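Enquirer: Here it is: the structure, laid out below.
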Amino acid sequence: MDQFRLQILSDLHLEVERPDEPLYAYDFPVSTPNLALLGDIGWTRDDRLFDWLRAQLARFETVFFVCGNHEPYGVDATVKDSMDRLQSFQQSSSGKLIVLDRTRFDVSPTLTILGCTLWSALDPDCLDILSWSLTDFKRIHGFDAASYNTLHQVDLAWLCESVEAIRRDEPHRRVVVLTHHAPTIEGTGDPKYIGGPTNSAFATELTELPCWGSPVHMWAFGHTHWCCDFERKGVRVYANQRGYGTGTTDFDPSKAVLL
């Protein structure tokens with residue numbers, strides 16, 4: 001399989017009330033057999049999310065799913081609880097759902113997908129503001145800045161090790177990385193937030209690290225409610241995010257990319 005088309009969507013926020021759309025009832029056209037959902041799709045504690053996912057599995061051949069920061073929201077819900085529910089659902093999907101939790105998926109002998117949430121690196125100088133302003137710490141049980149940063153370190157270490165291994169041992173492969181949080185700062189969110197006290201909860205600058213550059217040729221993400229498609233240091237940076245309300249200006253649910 002030399003070519004692989006992927007329909008990439010994120011931040012659908014099916015849990016958010018909208019005047020013209022029931023909860024967990026969002027519909028969109030199918031443009032290609034393969035779908036990637038890059039987080040903040042809905043709450044894993046709500047069975048309606050899994051009903052909606054079953055509907056997508058009936059329409060697509062393969063659905064890739066990256067957990068966002070909103071999936072674990074709920075009373076006494078933890079990040080692990082949320083992932084356990086997703087993994088359990090994956091087991092019942094006959095191989096059609098691929099949950100990307102520090103996961104490598106070989107599409108073909110020459111194309112690999114690497115995926116994880118990639119929790120961002122919180123700015124230590126802004127922890128006071130982040131600790132009281134981030135909803136994650138109020139809606140995810142037992143979650144705080146220390147656990148947030150620990151997850152970032154684990155995700156980032158896995159990505160760097162995985163990319164370096166492919167670069168060394170399988171140089172013929174192209175790699176596509178799928179995450180929820182953004183891997184670079186400029187161009188991945190509304191410019192008005194750059195340098196602000198909460199921006200580190202959305203994006204981390206990774207372009208000088210081993211996870212960047214060949215063999216990685218594309219990195220898609222969500223979380224910032226900002227759509228983009230540009231190249232940085234040899235890597236295509238892509239996002240197609242709906243966000244709240246009627247969606248971000250450039251959001252196109254029918255758009256597919258050739259990997």
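The values are calculated or read from the model by the stated rules, or taken from the named source; none is laboratory data. Keep in mind that this is a model prediction, so the values were computed, not measured. In this analysis, Cβ positions are derived from the backbone assuming ideal geometry, glycine residues included, and neighbour counts consider all displayed protein chains.
Enquirer: Could you please give the count of residues in segment 229-259 that are surrounded by 15 or more Cβ atoms within 10 Å (Cβ to Cβ), β-branched (Val, Ile, Thr) and in contact with a Lys or Arg (Cβ under 9 Å, 6 or more places away or on another chain)?
Expert: Summing the residues that are surrounded by 15 or more Cβ atoms within 10 Å (Cβ to Cβ), β-branched (Val, Ile, Thr) and in contact with a Lys or Arg (Cβ under 9 Å, 6 or more places away or on another chain) in segment 229-259 gives 2.
Enquirer: Output the residue which, of all residues in segment 108-126 that are in contact (Cβ under 8 Å) with a residue 24 or more places away in the chain and not in a loop (DSSP other than H, G, I, E, B), is farthest from Phe221 (Cα to Cα).
Expert: Applying the filter and picking the extreme gives Cys126.
Enquirer: Checking Tyr148 against (1) within 16 Å of Gly222 (Cα to Cα); (2) out of contact with any Cys (no Cβ under 7 Å at 6 or more places or on another chain); (3) touching a residue at least 24 places away in the same chain (Cβ under 8 Å), which test does it fail?
Expert: (1)
Enquirer: Shifting gears a bit: When the residues of segment 185-206 are narrowed to those that are charged (D, E, K, R) and at pLDDT 95 or above, which ends up nearest to Asp229 (Cα to Cα)?
Expert: Checking each candidate, the answer is Glu186.
Enquirer: I'd like to verify a number: residues in segment 1-30 that are surrounded by fewer than 17 Cβ atoms within 10 Å (Cβ to Cβ) and of a type in the set (S, T, N, Q), how many?
Expert: Residues meeting the conditions: 1.
Enquirer: Another question about this same structure. Consider segment 42-90. How many of its residues are within 19 Å of Leu134 (Cβ to Cβ), of a type in the set (Phe, Trp, Tyr) and touching a residue at least 60 places away in the same chain (Cβ under 8 Å)?
Expert: Of the residues in segment 42-90, 1 are within 19 Å of Leu134 (Cβ to Cβ), of a type in the set (Phe, Trp, Tyr) and touching a residue at least 60 places away in the same chain (Cβ under 8 Å).
Enquirer: Working carefully through the options Asp136, Asp128, find the one that is farther than 30 Å from Ala58 by Cα and crowded, with 17+ Cβ neighbours inside 10 Å.
Expert: Asp136
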